[in-house]
Amino acid sequence: MNLGALLDRAPAVRAGPSTAANLARNALGDAGDRAQRWAAARHAAWLLLERHVGSGARVAVIGAGHGNDLPLDRLAARAGTVDLLDLDRRALRRARSSCRAELRCRVRIVACDVTAGAADRITRAVCLGRPPRSSGRAPGPLAGGGYDVVIGDLLYSQLLYPALLDAGVGAARTRQALARLGPGLTDAVVSRMHASARPGGRVVHLHDAVGWWAGHEQPVGVGVILAQERLDDALALISTCRQPVGADPRESARRLGAKPIETALWEWPFAADARYLVCATVTEPG
């Protein structure tokens, strides 16, 4: 059986590797104190989003998961509608149920794969040591498009890496695959998000640009980066750090011709022993 036939048949048998890996991580997010621990990060996100989400706006959150890292109540109170999109319908239901009862009528859940199966195809191909098969067509806008604001919610580094890790692909092969295939996949996702915004709309990319945990030290700390008065100085420090490979939406937006119109940075206390620096890039697609 050739690779194309194998990849076409596999999704009908079981969830693809990228889908399964993200579902497994969403399940881990059910427990713990994340909602409370991430309160400061949600507030930082709102300080940015409130300048771009107008009253009655139509908003999409891509990769919404359980909704712990965004101020969903504030978004729903300001917007007319908020669509939460993710692979995991169960996580989306939990996110919607966490909103205040009077706001839930404004929140819709949409279970979908923003990569349109490409992440699953790439992971299988890497495991088989073959070039990935193209779908042959570009996916359309998400949930019909026409959004005033589209928010990419910290999903970019999760498009390929968790699946390759769970599949047992070695560290060297994983890094090679991410460097070779990650930018193209991120470009495709960013392009689809930009196509989902109305003319004159905004796309906000939230990206876990740098991480700190035991065994993954960085040349500078998150506090040093955030203390910089000039954004260019902070970005220069970020460039000296180890970052997710092939998963930078800021670079994808640049390649697609959408220049940043605003950038914000804040700390995301992911776990007691791990934290990230979030780089938020607001773009106006052409």
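The values are calculated or read from the model by the stated rules, or taken from the named source; none is laboratory data. What you see is a predicted model, and the numbers here were worked out from it, not measured in a lab. Quick reminder, even Gly has a Cβ in these numbers, built from the backbone with ideal geometry, and neighbours come from all protein chains shown. When the accessible area is computed, the model is the full protein with side chains, heavy atoms only, and any ligands, DNA or RNA have been set aside. Shrake-Rupley method; radii C 1.70, N 1.55, O 1.52, S 1.80 Å.
Taking H placed 1.01 Å from N in the peptide plane, check which residues at least 5 places from GLY152 or on another chain put their amide H under 5 Å from its amide H.
HN-HN under 5 Å from GLY152: ILE62, VAL204, HIS205, LEU206.
Under the rule of at least 5 residues apart or a separate chain, name every residue whose amide H is placed under 5 Å from the amide H of ARG198.
Here GLY146, TYR147, ASP148 satisfy the definition.
Most mobile of GLY168, GLY152, GLY211 per a Gaussian network model of the chain (Cα springs, under 10 Å)?
Per the Cα network of the chain with a 10 Å cutoff, GLY168 tops the list.
Among the DSSP beta bridges whose two residues both lie in the chain, what percent are antiparallel, rounded to the nearest 5? Let's see the in-between values first.
Numbers: 20 of 40 bridges.
Just about 50 percent of them are antiparallel.
Give me the net charge for the shell around PRO199: Cβ to Cβ below 11 angstrom, other residues only, Lys and Arg +1, Asp and Glu -1.
Charge balance near PRO199 sits at -1.
Could you give the accessible area per residue of region 89-215, probe 1.4 Å, as a whole number in Å²?
45 Å²
Name the longest site-free stretch of the chain, where the excluded sites are GluC sites (Glu not before Pro) in a DSSP loop with no more than 13 other beta-carbon atoms within 10 Å.
With a cap of 13 other Cβ atoms within 10 Å, the longest stretch comes to 51-216.
Can you report the principal axis dimensions of the chain using only the alpha carbons, biggest first, rounded to whole angstrom?
Cα extents, longest axis first: 54, 45, 40 Å.
Please give the net charge around TRP212, taking every other residue with its beta carbon less than 12 angstrom from that of TRP212, where Lys and Arg add +1 and Asp and Glu add -1.
The answer is -2.
Can you list residues from other chains, or at least 5 along the same chain, whose modelled amide H is less than 5 Å from the amide H of VAL210?
Here the answer is LEU277, since their amide H atoms fall under 5 Å of that of VAL210.
Mind giving me the nanometre distance, one decimal, between the label points for ALA236 and ALA143, set 7 Å out from Cα along Cα→Cβ?
4.1 nm
Can you tell me the relative contact order of the chain? Whole percent, Cα pairs under 8 Å, sequence separation 6 or more.
18 percent.
How many percent of the accessible area of the chain is carbon or sulfur, using a 1.4 Å probe?
Details: 6920 of 13270 Å².
Solvent-exposed carbon and sulfur of the chain make up 52 percent of the total.
For region 218-229, in order, what is each residue's ³J(HN,Hα) by Karplus, 6.51 cos²θ - 1.76 cosθ + 1.60 with θ = phi - 60°, in whole Hz (x at glycine and Pro)?
Once rounded to whole Hz, the list reads 10, x, 9, x, 5, x, 5, 5, 5, 7, 5, 6.
Quick one: accessible area per residue over region 218-286, 1.4 Å probe, rounded to a whole number of Å²?
Details: 3560 Å² over 69 residues.
The answer is 52 Å² per residue.
Run lengths n ≥ 4 of DSSP H only: what is the helix-derived mean residue ellipticity at 222 nm for the chain, with -39500 (n - 2.57) per run over all residues, to the nearest 500?
On the way: 12 runs with 117 residues, N = 286.
Calculated at 222 nm, the ellipticity per residue is -12000 deg cm²/dmol.
Using a Gaussian network for the chain with springs between C-alpha atoms less than 10 Å apart, which of these wobbles most: LEU70, LEU181, LEU47?
LEU47
Helix hunt in the chain: which complete DSSP H runs extend at least 20 Å axially by C-alpha with mean Kyte-Doolittle at least -1.0?
Helix filter hits for the chain: 171-195.
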